[in-house]
Structures are given as C-alpha cells and as structure tokens.
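Encoded as structure tokens, the structure appears first; notes follow it.
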Amino acid sequence: MLNLFDKTRCKRCHNERQVRKCPRLDKNICWECCNSLRYDLSCPTSCPYSGKQEDSAKAPFPAFKADSQTESRNVNSLYIDIWLDKKQDALGGISPRLAATEDKKKLLDWLSSYQYPPQFPIDYLMTKLHLELASSTPISDPEVLVNRFMEAVIALDWQQLPAHSINTNPPAGCSERQIELLSSIPVLKRISTFKIIHSGTTEDGQTALVFLEINHRNDLSLVLSLRDKTWLIRQVILGSPKDFFLQNERYRAIAESLAKPDDAKAWDLLQEAFRIYPDSPDLYYYRGLYWQLVKETGKAKVDFFNSISLDNGFVPSFYHLALLNASDREYDEAILWFELLDKLQPKDPQNMNNLAACYAQTGQKSKAKTLWEEALKIQPGFEAARLNLEKLSAI
C-alpha cells in the first residue's frame, strides 16, 4: 500500500488518488482501477489485493482484500457479473444464471451454505439472479451513512445533518444551533465531489473512522459512533486519520495553557485546532473556559451552548453553563441546565446541591429540601448540602 495521504493521481485513470502499486501494470493506481483489473482473478498471487479463490464448491466467491466496505462491495459486484455465467461443479456443471431458472432450490441451498462477510453485496447478487432476498435485519454500515451525510452536504441540505448525528434527543434550540454551526463551515459549503479512500473501526467496534478525498484534492475524515446498533456521525475532521489520533494531544495542550493560565497561547492553540476540528464539542468547551478566563461570560455561555448542541451528552458544558447562569442570578435558566444534567448524571450529589440551591432561590423550597435530603442520603458527609439544608430549615 502506498501512503494514503499522498494526493498524487492514479497513473491509469489520472482522476482518483493513487493508493497502491499494481504489479500487472507496474503503475500506482486508485482502488477503482485496481478493482477493474483484479475482479477477473488474473492478478499475480504475490499481490495482497489479488482475489484468493478457495474450492468453489465450498466457497463460491473469492476473498478480496479491501480498504473500505465501499471498495469491497464494488469488486465483489464486478466479480458477480462474470460469475453468473461460470459453470459450477456444485450446480451440476451449469451456470448460476441457468440454475436460477432450472433448479432454483439447489442454487439457493448452495448459496445459503456459504457465510457471507457483512460487506458482501448479497442484495446485488439476488437481484442479478432474479431471486427474492429473504427478509433479514439490515446491518448498519458506517459508509452508507457517510454517503448520505455527504450527499446532504453537497446539496446544502443542512436540515438533514442532525438526523445523521449522535444527537437523537436534543434539548430545545440545540438542533437549530447544530445546523447553524455546521452550515457555517466554509469547507463543507464548497464540496462538490467525494470519494471514500479508507475506513476502519476500533477494536471494541464502537467507533468508526472513514477517510475521504473531497473535490479530488482535500482530505476529510468522519468519526462515527455506534448507538443501539446504529452508526451515527460524531465529528467532522478537516484532515486525515492522523489528525484524529492527534486531537487528544492538541486538546491537552489547550487545557494546560488554560490552567497556567496563559490566555494568549490558549487562544492561538484554539484557533489552530478549530481549523481542523470545526465541529468539536471539546473545542467549544475549551473556548468557553477561555472566555471565562478573560471575563467574557456572555461569550462563554454561547460556546458552552455550542458544545452542547454538537454533543447533547457533553457533561462539562452542561455543568459550566448552569453554573454561569446561577452566578448571574439567572436561576430559571440555571435550573433548566441543572435538570438536564441530572438526567445525564442522575443522583450526583454535587449537581443535586446546585440544583437545590437554584430551587431555593426561586422559592421552590419543598423541591430544594427534598433534593438536599436525597443528596445527604447518597453522601452523608456532604457538608455543603447539610449546611444548606440547615439554612433552609431556619428560614
């Protein structure tokens, strides 16, 4: 495999990004050109991307190495097109196309005895054979979602993007803010073409990273999370997978600058990071902390809300937004965010104490009393809750 981050074009089609060396052509080519050659099983076996055919009676289809599920589906579909007319010993010496009309049961029994990989285009196979596909639960595919997301971006259909994201139950106003933030990213507004170059998942199967080339020129990566067996978009990275693996290091540098505090350095690091991670809830959270550091609490509230809008489960931003509103005596707004935080972190004594204090400030003494009593049951030594409860009882 060549360097995936090298933007040199394919020496065969001169259009797509070259990704590997082809021994048949002795040229560096893209994966589409590779597929257009290797599907016939004529490539040298020394090439890791050549099709590996076992006993066709046991496995009717060869195994093709691929760097993405999109590439895998493509090469298998190309092979299916020629396989349809290949005579098969397992079918009595006739082709699958003929067997589909003369001995459908034998064909289906043979095909059903084979365990297909998740990315195999079984629907394409059944369509070409004019056979009905047995009903089954569709497997969520990160690349299918990426295609939908990118098509919506190209169409500037920003309203569709939240539905593809991890935010399935956003607080009031968050979906609208998420649309506003995504639609303001200049790079996204200029995308006209995209091609999936590589994809993969983490060992635990909960995160997927899909690497694309946009406009035949620039790198873009999409991070997805698996929620209830469904893939959802978590983050847009204006860069390669290398930037995905570097982001925690960059966030740590920002956090260290804020802790010193070195607001000038923190600002420079934030500006640099936003160019690569434009929809990062972490960065909006850190910028909210920066605004607090320079006494711009109004801007801090906006960025904590931005962070929440991009990730409706980003706990630190809920906490800081609620605290800022409480310190500004905007207790109703503080209650809103503390209550939402309580749903994310139920029975957290510190949050219960803060929420109870806001209830007390708005005259909701019964609610405050109940919360403080519950907090003390959970954490009997919680001194702040005990003192607040004593003050409330003395009123």
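Residues checked against (1) over 19 Å from LEU125 (Cβ atoms); (2) modelled with pLDDT of 95 or more; (3) surrounded by 13 or more Cβ atoms within 10 Å (Cβ to Cβ); (4) touching an Asp or Glu at 6+ places or on another chain (Cβ under 9 Å):
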| residue | (1), (2), (3), (4) |
| --- | --- |
| SER36 | yes, yes, yes, no |
| CYS47 | yes, yes, yes, no |
| GLU54 | no, no, no, no |
| ALA66 | no, yes, yes, no |
| ASN76 | no, yes, yes, no |
| ASP81 | no, yes, no, no |
| LEU84 | no, yes, yes, no |
| GLN88 | no, no, yes, no |
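Listed here are the helices (runs of 4 or more DSSP H) enclosed by the stretch 88-166 that have at least 3 residues being in the same structural domain as THR201 (by TED's automatic domain parsing) and of a type in the set (A, V, I, L, M): 142-154. If you go through the stretch 371-395 and pick out every residue that is among the polar types (S, T, N, Q) and within 17 Å of ASP342 (Cβ to Cβ), you end up with 2.
Kindly evaluate LEU224 against the criterion of being buried (at least 21 other Cβ atoms within 10 Å of the Cβ) and among the hydrophobic types (A, V, I, L, M, F, W, C). Reasoning before the result, please.
On the way: buried (at least 21 other Cβ atoms within 10 Å of the Cβ): yes; among the hydrophobic types (A, V, I, L, M, F, W, C): yes.
Yes.
Listed conditions (1) modelled with pLDDT under 95; (2) among the acidic types (Asp, Glu); (3) within 30 Å of HIS14 (Cα to Cα) are all met by ASP204, apart from (3). Residues in the stretch 148-164 that are crowded, with 17+ Cβ neighbours inside 10 Å and either touching a Ser or Thr at 6+ places or on another chain (Cβ under 9 Å) or more than 21 Å from ILE196 (Cβ to Cβ) (or both): PHE149, TRP158, LEU161, PRO162. Go through (1) touching a residue at least 40 places away in the same chain (Cβ under 8 Å); (2) under 19 Å from GLU16 (Cα atoms) and name the single condition GLN235 misses. So the condition that GLN235 fails would be (2). Residues that are free of Cβ contacts under 8 Å to residues at least 40 places away in the same chain and over 26 Å from VAL144 (Cβ atoms): does the stretch 69-83 have at least one? Within the stretch 69-83 (the criterion being free of Cβ contacts under 8 Å to residues at least 40 places away in the same chain and over 26 Å from VAL144 (Cβ atoms)), the answer is no, since none of the residues qualifies.
Of everything listed in (1) at pLDDT 95 or above; (2) crowded, with 18+ Cβ neighbours inside 10 Å, the single unmet condition for HIS14 is (2). Per this entry, ASP263 is not counted among residues that are charged (D, E, K, R) and at pLDDT below 95. Here is the figure for the stretch 177-205: residues that are surrounded by fewer than 19 Cβ atoms within 10 Å (Cβ to Cβ) and without any contact (Cβ under 8 Å) to a residue 60 or more places away in the chain total 16. Scan the stretch 166-176 for residues that are among the aliphatic types (A, V, I, L, M) and either buried (at least 18 other Cβ atoms within 10 Å of the Cβ) or touching a Cys at 6+ places or on another chain (Cβ under 6 Å) (or both) and the total you get is 1. Determine if the stretch 111-118 includes at least one residue that is farther than 30 Å from SER280 by Cα, more than 29 Å from the chain's Cα centre (by Cα) and not polar (S, T, N, Q). Yes; the residues of the stretch 111-118 include at least one that is farther than 30 Å from SER280 by Cα, more than 29 Å from the chain's Cα centre (by Cα) and not polar (S, T, N, Q).
The values are calculated or read from the model by the stated rules, or taken from the named source; none is laboratory data. Given the structure is predicted, the values throughout are model-derived calculations rather than measurements. Please note: Cβ atoms are built from the backbone with ideal geometry, for glycine as well, and neighbour counts cover all protein chains shown.
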